[in-house]
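Inspection log for the structure reproduced underneath, given as structure tokens.
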Amino acid sequence: MTFSQVLREENKDIFQAIFDHPFVDGIGKGDVSDQAIAHYIKADFEYLNAFIRIYGIAVAKCDLRDDMRFFDEQIQFVLNSEIHPHHNFCDHIGVGYDELQGYPLPPTADHYVKHMMYHAQLGSLGETLCALLPCPWTYLEIGQELMEKYQPNENHPFYQWISFYADEEVGKITTEMRERLDKIAENSSFEQQQKMKEAFRKSCQLELSFWEMAYTCEEWPLKDAVISK
């Protein structure tokens, strides 16, 4: 098996737990609370901003222009394409997209961003890819799973969301990230591969936790206090 195939096999338990999560399955059923959707969008907007920055760090780690081009294309995808599933959610709950931007990250999302940033700042390009890859990969498989399980049509409230992530464009991004990772892994030591595996599994765990965070509308235990002068 390729390195990325090994990663998928070693983390099949988390992938299945994501498919079974009530928020994810609720998307397929067309039944997710407005509060959970709003909480998800608030966190995901800021999470994707961080994702863009980490792609930028990945560019700085590249030696080849082809690698730089790939990561630049992913920045453009997040900026210009990945807003569409957010709009589907916003339209469903009747809240403007602008109204759900600029909120502080809840604990889980904050942890996830700092986990990715740690590997991007201190790790190799392979570690950075492993920290990033579970996001597009799990969303691709979520879209495919929900499309197959529920076979939504255009009247489904989340048809645009499901079809976006099940689309071949997300599949192409995931495949190309996997292929680049496989090439890096071929020239990596056992110790380097272990660090890459750890980064990947933690990101998978945090993907699952992100859905739970949105479903439960997770907040910090105490609101930030106003410091008086």
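The values are calculated or read from the model by the stated rules, or taken from the named source; none is laboratory data. Computed from a predicted structure; not experimentally measured. So basically every Cβ, Gly included, is an ideal-geometry build from the backbone, and we count neighbours across all protein chains shown. Quick note on the areas: whole protein, heavy atoms, side chains included, nothing else; ligands and nucleic acids left out. Shrake-Rupley method; radii C 1.70, N 1.55, O 1.52, S 1.80 Å.
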**Item:** Residue count, the stretch 1-25 (criterion: buried (at least 20 other Cβ atoms within 10 Å of the Cβ) and free of Cβ contacts under 8 Å to residues at least 24 places away in the same chain)
**Value:** 0
**Prompt:** Within the stretch 161-171, is even one residue closer than 23 Å to Asn11 by Cβ, of a type in the set (A, V, I, L, M, F, W, C) and open to solvent by 80 Å² or more (accessible area, probe 1.4 Å)?
**Reply:** no
**Prompt:** Taking only pairs six or more apart or across chains, which ones have beta-carbon atoms under 7 Å, a first residue in the stretch 26-47 that is open to solvent by less than 10 Å² (accessible area, probe 1.4 Å), and a second residue that is of a type in the set (Lys, Arg) and assigned to a helix (DSSP H, G or I)?
**Reply:** Gly28/Lys149
**Unmet criterion (only one of (1) in a helix (DSSP H, G or I); (2) surrounded by fewer than 19 Cβ atoms within 10 Å (Cβ to Cβ)) for Val95** = (1)
**Item:** Hits in the stretch 102-123 (condition: within 15 Å of Phe51 (Cβ to Cβ) and free of Cβ contacts under 8 Å to residues at least 60 places away in the same chain)
**Value:** Asp110, Lys114, Tyr118
**Fill in**
Matching residues in the stretch 191-215 (closer than 12 Å to His21 by Cα and open to solvent by 50 Å² or more (accessible area, probe 1.4 Å)) number 2
**Request:** Please verify whether the stretch 192-207 includes one or more residues that are farther than 23 Å from His111 by Cα and free of Cβ contacts under 8 Å to residues at least 60 places away in the same chain.
**Result:** no
